[in-house]
Structure formats: C-alpha cells, structure tokens
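All remarks here apply to the structure that follows.
The values are calculated or read from the model by the stated rules, or taken from the named source; none is laboratory data. As the structure is a computational prediction, the values presented were derived from the model and not from experiment. Glycine also receives a Cβ, built like all others from the backbone with ideal geometry; neighbour counts cover every protein chain displayed.
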Amino acid sequence: MSVGIRASCWCLLLLVPLALGSAAAADESVVEEVLGILHQRGLVDDAEYARLKQKQASWKEANPAGPRIEWSGDLRARYEQFWFERDPLGEDRPDRSRGRYRLRLKGKATINERIAAVFRLSSGQGSARSGNQTLGVGDDFAPDDVFIDQAYLEITPPEGWIPGRSVARIGKMDVPFRWKQSPDSMLWDRDLQVEGVGLFWTSPDLGGVTPYARAAYLIADENGRSRDPHVLGLQLGLDAELAADWSAGGRITHYEWRSVDPAFLGRAAGSGSLQFGLTDSAGGSTGLSVTELAAYLAYDGIEGWPLRAYGHVLRNHDAKRSPLHPGAGDEDMGLGIGVVVGDKRELVELGAGWFRMEANAWPGQFVDSPLFDGTTNRDAVVVHAVREVLANTDLRVSLFFAEPDERSSTFAATNSGADRILLQADLMVRF
C-alpha cells in the first residue's frame, strides 16, 4: 500500500470519530463500516484490513461505548429439616422437610468517577426476609418469580473533600448498619434489603485504629395521607490492632423509629411484640428508641485457626408493660454471644452462639428468620460448620435450636411451634 493511500485511510478512520463526537462512542459500527468499504474497494489490502480491524477492536475494548457493567451473583441450594416438640400451648406440629434454592444476579455500572448504579435481581416468594424459592411451590412446575432485590445509586465525593473513604447510597440496599466482623442478624434478617439513604465513612488508619461511622434514613412504609413510618440510625465504631495477632472492635448504634402507625405496630405484634408494649407513645406517634452495643475480640496467632469472640446487647428505651398483658414485664432487652474459630479455606470454620430477643426489644418483622423464626420472644442457640470444597463453592451446615423466651399464655400469639430444631445444609456457588 502506498504512503498516500495509507495516509488517506488513517485520515478517514480518524475523521469519522472526530466528526461524530460522542456519537462515535455510542455507535462504533460507523468506523467498522468505513473500514469495510475501504477494504471492499481495494484501498486496504487483506493484511492491512486485518491489522486495522484488530486495532479498532482494541480501541473499543479500552474505550467502551457506555458504562461497563460488572456482573456477579450466587446460587444456593438448601435442604431444611424441622423437628418440633410439643409447645407451651400443647400443640405438637408434625416434623417437615423441604428443598429450596436462592438465585441472585448483581450488576454494577460505573457511570463516571463519582457515580455507580447497582442493581440485583433475586428469586423468592414475595417475603422481605427471604430470597428462597421452595421446590414444588406452584402447581405442575409453574415458573418462579424474580424480584428487584437491590437498586441504588452509589455516590462518591471528590478526593480531598472528606479524609478517609466515604460514600452515599440512595435506593434499595443492604442494611447499612450490619458488619462482617461476626454473625450479625439479631436485629436485621440477613436477606432483608432496606430503602432510603445511607451514608458511610471510614477514617484513614490512625496508627492501628480505624474509626468509622454510618448513618441512614430508612422508610418502612410510604403513606400517601400521613407521615411515613421510618427509622433514623446512627452508628459509630472502630477496629483496632491491639498487639501481635490480636485485634478488637466495637460499635454503638442508636435507632429512632418515628411515625410508627397502627399498621406498623400491628405487624410488629404479629411478629412477637406485645400490643401496646413496643412503645409507650399513644398509637406510636412518637415512636421508639433502641440502642445496640456490639464488640468482638480476635486472635490470629494459630495458622489456619483464627479465633473470634463477639457479643451484642440492645435495649428498647420506650418498651413498657402492656396494659393488655399485666403478667409480662417491659420485655425490652436483646442479647447475643458467640465464637467463631477456623478458616473455611484451610480446613473448616466452626461457630456457636446463643441469642435472646425479648418480645418488645425490637420490631419483630425485621428479625432473622432461621435464628428466631422471624419473631421476637425467642431464645436460640446456633452452631455451624463451613468448608470451601472447591473454588467459589462452600458447603455449610447449620443447626438452630429455638424455644420461647417466655412461655406463659400472655405470649400465645407467637408460641405455637416455638420449640423446634432446624437443620440447614447449604451448597453455595459464587460467580
């Protein structure tokens, strides 16, 4: 190919994207069409056409027409077995078993250096606290539902505005106040996704101490003619390196539930709280305040057997003796302690914990389903073992032992079937 023809080819290829401007980024087929015409007319021989086509493909890879979407997801197959004992009401429910699956597909589109859009689709049966689909639900192999599980914008401020790492999320998201330092599903079911605005900040490392803060405004129920039941939450915490192989951390979280209307309180009463006991405000007009403290201590000095102990305590400051249930107290506390030892990649991770959630400690419609049966007024013991059997593939076995915290007839609404053992065997794959 002559120098003049080669120069003409390059001019055409360069002028097309310059002339189209941003449209060239949106439709690279124009460049490819021009290149094809040049090849068809013999202005570009086969070797040069192949080289230029490869160069154009490399440019497209480095300069995508739109935001890149990073995909991830997981699929969990689960077997559950329930064993029931005769409960305080004299009911002896039959034991049962079932198979379930949970499929989640997540996408993250980086729009620009400050904004990302995140979404996740999930299987489920319409429950806010579960993405599980039970095998055999629906007549004659009916198709299963898919739900919007997450949908939020993630906004990062310019560097230098705030020291450390900070981000804001707006939309439907994970609970902002949960951590990964220990099992953390006493207040918020592990599958629950909340809606509102969340703010996250993590300090730069301060000589082995890393403070952080979380805040959120979350809407529980939108009302067209009255104020929306909502919660304002603020969390302060830190992680610290104590010495060689030792670390610890703690947090304090305060929740202010406001505008909790009779419908909200009715759902709470259906999930364990005593009517007129969850809050001492008339009709829930001023809501309730709950404070939670949590801490952990970790030791990593034994290879393959890291050890972590943790504890939680919470109190509903507005719980009171229900006038309809004079035999009950305030029922305003929640407690949890446990230990996790081992590494699932080295050999196995083992864990055990004990938890108590009194009837009025927290709105029961949000507590963990496997741990507390999705209701307050529960004591529970859980043990688990996890092993990574293959890359991105975990086998997990959990046993949950539950019983009522209070067994009197005052708590009859949630004591049916309360004495039970639940076995869960999970095979989880991530992609």
Of 265, 274, 297, the only residue that is on the phi < 0 side of the Ramachandran plot, among the hydrophobic types (A, V, I, L, M, F, W, C), assigned by TED's automatic domain parsing to the domain that holds residue 176 and in a strand (DSSP E or B) is 297
Output for region 92-116, where each listed residue is of a type in the set (D, E, K, R), surrounded by 13 or more Cβ atoms within 10 Å (Cβ to Cβ) and closer than 24 Å to residue 153 by Cβ:
104, 106, 108
Would you pick out the residues in region 189-239 that are basic (Lys, Arg) and within 26 Å of residue 297 (Cα to Cα)?
190, 214
Return the pairs, sorted by first residue and then second, in which the second residue is part of a loop (DSSP other than H, G, I, E, B) and not hydrophobic (A, V, I, L, M, F, W, C), the first residue lies in region 150-167 and is outside the structural domain of residue 117 (by TED's automatic domain parsing) and surrounded by fewer than 16 Cβ atoms within 10 Å (Cβ to Cβ), the beta carbons are less than 6 Å apart, and the residues are 6+ apart or on different chains.
none
Consider residue 324 against the criteria (1) in contact with a strand residue (DSSP E or B) (Cβ under 8 Å, 6 or more places away or on another chain); (2) at pLDDT below 95: it satisfies all of them except one. Which criterion is unmet?
(1)
Whether any residue in region 170-183 is touching a residue at least 12 places away in the same chain (Cβ under 8 Å), part of a loop (DSSP other than H, G, I, E, B) and in contact with a Leu (Cβ under 7 Å, 6 or more places away or on another chain) is what I want to check.
yes
